[in-house]
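Asker: Below is a structure I'd like to ask you about.
Read the figures in this text as sums done on the coordinates, not as results from a lab. Computed from a predicted structure; not experimentally measured. When we count neighbours, we look across all protein chains shown, and the Cβ atoms used for this are built from the backbone with ideal geometry, even at glycine.
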Amino acid sequence: MAANGGKRWWWHSREVRDAFYACLDKESNKRPTEIASVGLLYPSECKNSRAEFDKNTAVKHFDRQYRRNRRVQRLLDDKDLRRGPLMLPQTYTFKSS
C-alpha cells in the first residue's frame, strides 16, 4: 500500500511539474515578475501552477534542470536574438607606460 501511495505521489508531482513548465513555455513572451528557487523567473500567469509545484521536494533540482535545458536550447537556436554564450564584461587591461 505504501509503495502504491508513493508511486501515485511521484506521478502527481511529475504532472504538476510538467504543467508548470508548460505554462512557462506558453507564457514565455510575457515579462517574468515572480522569483522561484535558484533564480528562476516566471510570469505571474504561472503563479497557481507554481504554488502547486512548490509542494514537491525536488523543486530546486527541476528548476536547475529546466534552466540548464533552456540555456542549451538558446545556444542552439538560430532564431533567438540572445543566441550564443552570455557576454560578460571584459576585464580592464592595463597599458604599460
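Asker: By average Cβ neighbour count within 10 Å, what is the ranking of 28-34, 46-52, 15-21 from highest down?
Answerer: So the peptides 28-34, 46-52, 15-21, ranked by packing, come out 15-21, 46-52, 28-34.
Asker: Taking 7 Å along the Cα-to-C-beta vector as the label spot, tell me the residue 12-residue 37 distance in nanometres, rounded to one decimal.
Answerer: Distance between label points: 1.8 nm.
Asker: Hey, another quick one. Collect residues whose amide H, placed 1.01 Å from N in the peptide plane, falls under 5 Å from the amide H of residue 34; neighbours closer than 5 in sequence don't count.
Answerer: Amide H neighbours of residue 34, under 5 Å, 5+ apart: 42, 44.
Asker: Follow-up question, since we're still on this one. With label points built 7 Å along Cα→Cβ from the Cα atoms of residue 51 and residue 27, find their separation and express it in nm.
Answerer: My value for the distance between the label points is 1.2 nm.
Asker: I've got another one for you. HN-Hα J couplings of region 30-44 from phi, Karplus 6.51/-1.76/1.60, θ = phi - 60°, integer Hz, Gly and Pro as x?
Answerer: Running phi through 6.51 cos²θ - 1.76 cosθ + 1.60 with θ = phi - 60° gives 8, 5, x, 10, 10, 10, 9, 5, 6, x, 5, 9, 8, x, 5 Hz.
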